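The values are calculated or read from the model by the stated rules, or taken from the named source; none is laboratory data. Remember, it's a predicted structure, so these values are computed and weren't measured experimentally. A quick note on method: Cβ atoms are made from the backbone with ideal geometry, for glycine too, and the neighbour counts reach across all protein chains shown. For the accessible areas, the whole protein counts, side chains as well, though only heavy atoms, and no ligand, DNA or RNA atoms are used. Shrake-Rupley method; radii C 1.70, N 1.55, O 1.52, S 1.80 Å.
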Amino acid sequence: RFEKDGEGVGALEGPLDGLSAIASLAEEHQIIMLQAAIEQALSGGEAIGDLYNAWRSGNQSDLAAFILDPSQFHPAIHDAVLTKRNQAWIDPILAYLDTPEEEFIAVGAGHLIGPGDLITLLKEAGVTAERLH
């Protein structure tokens, strides 16, 4: 829609960056992620539905319970897949914001919860950020 309306669309990272974060994990952590993905798939999408409902309602505690669940996101996984990527996104976000245009930046819910969350990192960089409802 943005492109159709003549608005620019950018990215905070390249298409392989997220996969590279997973590939950088120790094999045992990659297996944990794979097992969690299989369990989610076998649940018939119930877990993803719960995550969506928590995000949609803005229920931070339910989001945190899902995203910080150690059976799905071991701290090493959280660090590689979320925290380090969030840190890498600060400079590109600041560059987007250093333009006269109003910017809308969308990220996955996991990037907004837990240690090293994007909102906190942006506040530390002097940026006011908020979740849209």
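Structure values in brief
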read-out: Selection status of ASP50, farther than 20 Å from THR120 by Cα and surrounded by 14 or more Cβ atoms within 10 Å (Cβ to Cβ); value: yes
read-out: Selection within segment 11-39 - open to solvent by 60 Å² or more (accessible area, probe 1.4 Å) and part of a helix (DSSP H, G or I); value: ASP17, LEU19, SER20, ALA23, GLU27, GLU28, GLN30, ILE31, LEU34, GLN35, ILE38, GLU39
read-out: Enumeration of residues in segment 60-90 that are at pLDDT below 90, closer than 18 Å to ALA21 by Cα and charged (D, E, K, R); value: ASP79
read-out: Segment 60-86 - residue that is exposed (fewer than 13 other Cβ atoms within 10 Å of the Cβ) and not charged (D, E, K, R) and, of those, farthest from LEU118 (Cα to Cα); value: SER71
read-out: Subset of segment 109-133 [modelled with pLDDT of 85 or more and loosely packed, with under 15 Cβ neighbours inside 10 Å]; value: THR120, LYS123, GLU124, ALA125, GLY126, VAL127, THR128
